[in-house]
Every structure is written in structure tokens, then in C-alpha cells.
Amino acid sequence: MKTVTDIENMQSYAEKTRREGKVIALVPTMGFLHEGHLSLIRMADKAADLVVTSIYVNPTQFGPSEDVDQYPRDIDHDTTLAQQAGTDVLFVPTDKAMYPQGYQTFVTAEKLTRSLCGAFRPTHFRGVTTIVTKLFNIVKPHIAIFGQKDAQQAIVIRQMTRDLNFDVEIKVAPIIRHEDGLAMSSRNKYLTPQQRSEAPVLYQSLCEAQKMIEGGERNPNVVKKYTQKMIDTIASSKIDYIEIVDAVTLEAVREIKGNILIALAVYIGKARLIDNILIKV
Ligand code: AMP
């Protein structure tokens, strides 16, 4: 595995790889890698000849009150894990190279970014679509892999790819969880031992919601209320949202039917955790 920090070097390596007729897969990450990220890298390794994993804590997807400098980082450990999982090129650009002085161009997806996380983090997806566009232009992938953990992000990226005619196949990998059900996340590091022991309630509440729906409940408000009640038992929790939405449009549903996404964002102490479950009714 080689590490590339320079944008031009990455571009010329990608061009050379394409000329050789090889398939490039990109796995964009913000680092502090865990099994969730590694599952994406393994999927990329199966699908492509050259796997590029990017590690970049993208400042434009953090809001003014969110501390980008506090985001956990461990590039040495990431390098080992990324290589073991099948990465060929680790792309680790600098802020200066990605957003040089005078930078002023952003990519925005509209409707899909207004609900769920977008309602609470109004500039977040603009940062995501911008950085992914830049990574597509730098890494020139045939395939890009994202996690279902960030369900809205995956849908927004698919939309952007369609709307802007990027010649990139978007693949979405399932959520990887700890044994107790908590979705793996770099942000779990912010949890105290007490909070960590309570955090699996998030997934448990989604599973209970699923059971209610399988039992015939069709009123989203009833399901949401029950889920909220479970999460409220965690002393340090603060719910941003629990929503039951159409899995394609991300619009809230009045009746539970078809392909449904139940998505939540909850602060447990300092950590803003997200999770979701897809249900077909
Ligand atoms: P991040 O480093 O948090 O920006 O995540 C990079 C990519 O890994 C995104 O596409 C995430 O959706 C994906 N990812 C993060 N956590 C998980 C997980 N637990 N299971 C599957 N994919 C994940």
C-alpha cells in the first residue's frame, strides 16, 4: 500500500491506472477506522483492481458549533488497518491542498438535504457533496462505496451522482454493529463508560419499532412515541430526531407502508450518534 498526500500525484496515478484498463474503487472516510469502514474497503477490494481509501476530516461538513479539531484521529493505526483490509492507495490530503486560499465553489443537493440530519446540520450535506465531488475528480473511481449507517448521505450522493452525470457506480454497504447492537462509529469514542453501556438502547429502540410495525402498527406517531420513550430512559440523551420516512424520498410518512426508513440522531453526552433501520411493509 502506498500513501499519497499530493492531489496531482493522486490524479496522475488514477489516470495511469485507468489507462491500464483497471477498475478503481474509492472508499471516502474521515479516518479513525473501525470495522464499519473496513467492511467498505473489503467490498471495494472484491469489486475493483485498485482500492483507494481516502482519509480526510472535511472541515466544510462541520457546522460552526461543531469542533472539527476535536474529531478523533489516529493515522498510524488507520494506515495499518486500511492496508490489512485491502487498500492499495491511502489518499490523505491536507486542508491547504483541498481548500486553498480563495476557494469558493460548493455543490448542493436541495430537497433531500432539508430533512433528517440536514434540518439540524444545515451546511453539513453541502460539505459532503462538495468533498465527494472533489474526491471523484481526484481519484477518478469507477465505483464509490458508502455505508448505510449514514443513510441520508448515501441517498444524497446517489442523487448528486445522477444529477451531475458522474460516471461512478455508487454501492452502499450494510451497517456494522458491535455485539450489543450499537452501530460502530468513530464518534463512539466520545462516550463515557456509563454512556457506552447505555448507547445500545438506540438500536434496541429501532428493533422495537420494527416489531411494532411487524405486529401491525401503521401509525408513525405511535411508533415514534414508543421509540422516544425508550431513548429518554438514557439520562444523558437528547434527541435531535426520530423520523419514519419514505426510504427513497426521505419524506415523513403519514401511514407506514412500502419501503420505510426509521432514522434517528441522538446526543448521548457529547456524542451525536445516528442509526437507522430499513423496513419493507
Ligand atoms: P466516516 O468516517 O464516519 O465519514 O464514514 C466513512 C464511511 O464509512 C461512510 O460511508 C459511512 O457511512 C461508513 N460507515 C461508518 N460507520 C459505519 C458502520 N458502522 N457500518 C457501515 N458503514 C459505516
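Around GLU169, what is the net charge, scoring Lys/Arg as +1 and Asp/Glu as -1 over all other residues with Cβ under 14 Å from its Cβ? Around GLU169, the charge tally is +4. The packing ranking of peptides 20-26, 63-69, 264-270, 140-146, highest mean first, is 140-146, 264-270, 20-26, 63-69, where packing means the average number of other beta carbon atoms within 10 angstrom of each residue. Among the trypsin sites (Lys or Arg not before Pro) in the range 108-214, those located in a DSSP loop and surrounded by at most 14 other Cβ atoms within 10 Å of their own Cβ are ARG114. Once the C-beta distance of LYS229 and THR94 is scaled by a Förster radius of 35 Å, the resulting FRET efficiency is 0.15 to the nearest 0.05. Stretching the chain fully between ARG177 and ASP76 yields a gain of 34.0 nm (0.36 nm per residue, less the alpha carbon separation).
In this simple spin-label approximation, ILE239 and GLU255 carry label points 7 Å from Cα along the Cα→Cβ vector, and these lie 2.4 nm apart. The angle separating the long axis of helix 220-232 from the principal Cα axis of greatest extent in the chain is about 80 degrees. Simple spin-label estimate for LYS22 and THR192 gives 4.9 nm between the two label positions (7 Å along the Cα-to-Cβ direction from each Cα). When you restrict to C-alpha pairs under 8 Å that are six or more residues apart and normalise by the size of the range 2-173, the relative contact order lands at 30 percent.
With helices as the sole contributors, the chain gives -11500 deg cm²/dmol at 222 nm; each DSSP H run of n ≥ 4 counts as -39500 (n - 2.57), and the sum is divided by every residue. The Cβ shell under 14 Å around ALA85 holds other residues with a net charge of -2, Lys and Arg each +1, Asp and Glu each -1.
Overall form of the range 149-258: oblate. Here a/c, set by the Cα gyration tensor axes a ≥ b ≥ c, is 1.5 or more, and a/b is not larger than b/c. Summing Cβ point charges (Lys, Arg +1; Asp, Glu -1) relative to the Cα centre of the chain gives a dipole of roughly 440 debye. Exposure proxy for CYS117, CYS207: other Cβ atoms within 10 Å of each Cβ, ordered fewest to most, give CYS207, CYS117. The calculated FRET efficiency for the pair LEU164 and GLN11, based on their C-beta separation and a Förster distance of 25 Å, comes to about 0.85. Among ASN137, ILE170, GLY147, whose Cα projects farthest towards the positive end of the dipole of the range 2-173, with charges put on the beta-carbon of Lys, Arg (+1) and Asp, Glu (-1)? The residue sitting farthest along the positive end of the dipole is ILE170.
DSSP beta bridges fully contained in the chain are about 50 percent antiparallel.
Backbone phi angles across the range 187-200, fed through the Karplus curve with coefficients 6.51, -1.76 and 1.60 (θ = phi - 60°), yield HN-Hα couplings of 6, 4, 4, 6, 6, 6, x, 4, 5, 4, 6, 8, 4, x Hz in residue order; Gly and Pro are listed as x.
Rule-based calculations on the coordinates, nothing more; no lab input. Values in this document were obtained by computation on a predicted structure and should not be read as measured data. Virtual Cβ from ideal backbone geometry, glycine too; neighbours counted across all protein chains shown.
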